[in-house]
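The values are calculated or read from the model by the stated rules, or taken from the named source; none is laboratory data. Note that this is a predicted model, so its numbers are computed, not measured. Cβ sites come from the backbone with ideal geometry, for glycine too, and all protein chains shown count toward neighbours.
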Amino acid sequence: MTTRDDRSKRAERLVLLGGRGQAVAAGVVWLVGAGPGDPELLTLKALAVLRSADVVVHDGLVSDEILDLAPVTARRISVAKRKSRHSHSQDEINRMLTAFALEGLTVVRLKGGDPFIFGRGGEELEACREVGVECRVVPGVTAAFAAGASAGAPLTHRGSAQAVTFVTGHAAQGGEPDLHWESLARANHTVVIYMGLSMATLIAARLMAAGRAGSTPALIVENASRADERRVTTTLAGLAEAAAGLKGPAILIVGEAMALAQASLLSETDGLRAHA
């Protein structure tokens, strides 16, 4: 009798060989947002789907507490991606997901935050569609929402933030992102920067050169929603200095509404300064 673990191992071999075995009833790929880290921020639907998984293909930032909600029989595969350190290429992940599904397995692609907010969920959705694999999406709480909530700083505010824009701090091939800095420099506009910690100096310089006041409040949140979360309040002019002592993952938020943010208490040994 063929078990689902046998099928998952066979599918993984097919990924490496680039081939396909005999036809079986196709499974499904679920792109599931695991949220920013706190297990209690996982949605009920995400929990239900995770509990149905035959295979869980997960990011490195997904906590063990969340992974342990999957069935004990489910196979776990880490495809952790950090800056300059990738265990699997995106193409390999795409082939892995589709190969498992074509073997009739229920595949949960468990992604930190939300699959469609800088999570490459769109690329994985396209890969599934190209080979006729059913792909469904479960949204998750993205890190920006958790960062603003924990700091008591709204991303939109009737008096000080009539718009919010999410951007990435890195271009697709690394280096400076191709952003319309003049639009981002408008007042009463919250700018959320993902993966921007190492680019904080450049980002602050570009925004100020485009006309954003250096006195604009800013917030950095490291490990949003987790037990080791740290928050630093600063200004756009002080963003680079505030980011210097942090390692990430972190969210940078610039905008007038960040004046409401509350910094976390940090010891002097952290080497961080909170800017009022």
Select from region 132-183 the residues that are among the polar types (S, T, N, Q), buried (at least 19 other Cβ atoms within 10 Å of the Cβ) and either touching a Phe, Trp or Tyr at 6+ places or on another chain (Cβ under 6 Å) or in a loop (DSSP other than H, G, I, E, B) (or both) and list them in ascending order.
-> THR142
Test: ARG120 is over 22 Å from ALA147 (Cα atoms) and under 14 Å from the mean Cα position of the chain (by Cα) | no
Options THR216, THR190, THR234, THR201: the member that is in contact with a helix residue (DSSP H, G or I) (Cβ under 9 Å, 6 or more places away or on another chain), of a type outside the set (Gly, Ala, Ser) and loosely packed, with under 15 Cβ neighbours inside 10 Å | THR201
Here are LEU97, LEU110: which of them is in a strand (DSSP E or B) and assigned by TED's automatic domain parsing to the domain that holds ALA46?
-> LEU110
Applying the selection to region 208-238, what residues are among the β-branched types (Val, Ile, Thr) and within 30 Å of ILE66 (Cβ to Cβ)?
-> ILE220, VAL221, VAL232, THR233
Conditions (1) loosely packed, with under 13 Cβ neighbours inside 10 Å; (2) closer than 22 Å to PHE145 by Cα; (3) of a type outside the set (A, V, I, L, M): number failed by THR73 | (2)
Among the listed residues LEU272, LEU246, which satisfies the condition of being closer than 18 Å to ALA200 by Cα, among the aliphatic types (A, V, I, L, M), modelled with pLDDT under 95 and within 19 Å of the chain's Cα centre (by Cα)?
-> LEU246
Residue list for region 51-60, restricted to those being surrounded by 15 or more Cβ atoms within 10 Å (Cβ to Cβ) and over 18 Å from the mean Cα position of the chain (by Cα) | ALA53, ASP54, VAL55
Residue tally, condition in a loop (DSSP other than H, G, I, E, B) and in contact (Cβ under 8 Å) with a residue 40 or more places away in the chain, over region 184-224 = 8
